[in-house]
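Laboratory data are not the source of any read-out in this text; all were calculated from the coordinates shown. Predicted model, so just to flag it, every value in this text is computed and none were measured. Note that each Cβ is placed from the backbone with ideal geometry, even for glycine, and that neighbours are counted across all protein chains shown.
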Amino acid sequence: MNNRRDLLKTLALLPLAACTRTLNNDTIVNLPESAPVPAGWQPDGKNLNLQQVKIKKVKAITTAPYGIELVIVKVETDQPGLHGIGCATFRQRAHAVVSAIDEYLDDFCRDKDVSNIEDLWQTAYVSSYWRNGPVLNNALSGLNQALWDIKGKMAGMPVYQLLGGKTRFAVDTYTHASGPNPEAVMDDVAKYREQGFRHIRIQLGGYGATHLSTKPDYKQFGFGQPDDNTLDAQAYKRGVVEMFRLARKKFGDEIEFLHDIHERIEPMDAIDLIKKLEEYRPFFIEDPFSPENMGWFNMLRQQSAVPIAMGELFNNPHEWVEPISQRMYDFIRIHISQIGGITPAMKVARLAEWFNVRTAWHGPGDTSPVGHAANAHIDLAVWNFGIQEAVSFNELTREIFPGTPTMDNGYMFVNEAPGLGIDIDEEKAKKYSLPHFNYNWTQVRKPDGTPVRP
Ligand code: MG
């Protein structure tokens, strides 16, 4: 009997005994009896109980090292040297995001536990009651990515490890080739093929469009603004078909070609164009319809087997939950800071897995290097990764953001440092702080002056 009681006593002590060890066998300090075993982060040679780390400050840092206003959230903790950063970049309304962070999110987060990422996401998400807007979601993304960064540092692991580990050795990407005419686009394609890219987006004319007219009638009548662009939809369609024909003729099947319609033509014109492109086997056609025109997908899917990528403008779960479950598109292209960060993006990826919808997260220049790192950590971990849009950051940007993901042979690589593996040099960032001008999305009009909705 006594032996049995002794045995039970010993067993009861085992969990606590386990709690006094960490991965590197250092003794934990100040560990409550019921606390789980923390692994890794050592601020001063001693391990730390995760539950003791509190948020001390959430602040916005702005910088524009390449002409785009980047907004970064830095979360400071009560542990010296332990901080995290996240991307909150919404270029068109950058100052509004800064206000949401400094004037609201900071106060909301003070003294809360850094460990409870899900709880902080859920409570911050509804803290304004109204939600699903890009300003508040970007602020929330900055917080969320910073908390994942901190958790990785405390665990001593890169974030992709916390998300389940690698399912591929690196992140395959696509780049952008463009030019004023199809021949010039092909020269650009040849350049990127030399750099190793296997996937190349091809665009004619101005950004996201083809055949932009500079002298439409509406301007002669003084309508619109001087810097408005004008799109001739039928000329655009002819130009894109010719560009794809030439691309396949010149490069055969060796390269995957992508194209972004950018929601700029009427739904039936988009369906007509996609059907004409089918013989050239696009890797995907992006954004055929504006978010207001989701109802047209049914008709498109019945008529074409061209893979479709959709979603960089999405904010609201209703824009992806039902369409993914109905297999309305093949690639989900959400701008991760636009929906609130890594936590919701992982839920989108996991939902999409069961419908064989692959990820193709938005990755333009107005996603900060921190946001690109977050994209890449998810890309490495999820099974249903499709492709990642990549940009090439200049040297100054890499100095401001040490640890920025690197590119090699068309693949993106993150480093193995704990967390997101990227930091911000605040002093250098300050020298290129947010310029005092307002950036607005390029207005495109039809030849009669009607505004086109992207
Ligand atoms: Mg796009």
In whole percent, what relative contact order does region 73-230 give with Cα contacts below 8 Å and a gap of six or more residues? 19
Over the chain, calculate the relative contact order: mean separation of alpha carbon pairs under 8 Å at least 6 apart, over the residue count, as a percent. 19
Of all DSSP beta bridges in the chain, antiparallel share, percent nearest 5: 45
Pull out a ≥ b ≥ c, the square roots of the eigenvalues of the alpha-carbon gyration tensor of region 106-245, then state rounded if a/c is under 1.5, prolate if not and a/b is larger than b/c, and oblate in the remaining case. oblate
In which sequence would ASP113, ASP228, ASP330 go, from the one with the fewest C-beta neighbours within 10 Å to the one with the most? ASP113, ASP228, ASP330
Sparse-neighbourhood loop hits (trypsin sites (Lys or Arg not before Pro), region 299-381; DSSP loop; Cβ within 10 Å at most 13 others) -> ARG327
Beta bridges per DSSP with both ends in region 162-423, % antiparallel, nearest 5: 25
Under 8 Å for C-alpha pairs, at least 6 residues apart: give me the relative contact order for region 350-454, rounded to a whole percent. 22
For the chain, what does the alpha-carbon gyration tensor say about shape, rounded, prolate or oblate, given a ≥ b ≥ c as the root eigenvalues, a/c under 1.5 as rounded, and a/b over b/c as prolate? prolate
Considering only Cα-Cα distances, which of the following residue pairs are longer than 30 Å: LYS215/LYS250; LYS56/LYS430; LYS275/LYS446? LYS215/LYS250
Mind checking the dipole of the chain: about its Cα centre, +1 per Lys or Arg Cβ, -1 per Asp or Glu Cβ, Debye to the nearest 20? 700
Starting with the fewest neighbours, write out CYS109, CYS87 ranked by other beta-carbon atoms found within 10 Å of each beta-carbon. CYS109, CYS87
With each run of n ≥ 4 DSSP H residues scored as -39500 (n - 2.57), what mean residue ellipticity at 222 nm is computed for the chain after dividing by its residue count and rounding to the nearest 500 deg cm²/dmol? -10500 deg cm²/dmol
Which of MET243, MET299, MET328, MET310 comes first, and how do the rest follow, when ranked by fewest Cβ neighbours within 10 Å? MET299, MET328, MET243, MET310
In region 218-283, which chymotrypsin sites (Phe, Trp or Tyr not before Pro) are in a loop and have at most 16 other Cβ atoms within 10 Å, using DSSP for the loop call? PHE221, PHE223
Reachable aspartates and glutamates from LYS219, Cα under 12 Å, same-chain residues fewer than 8 places away excluded? ASP227, ASP228, ASP448
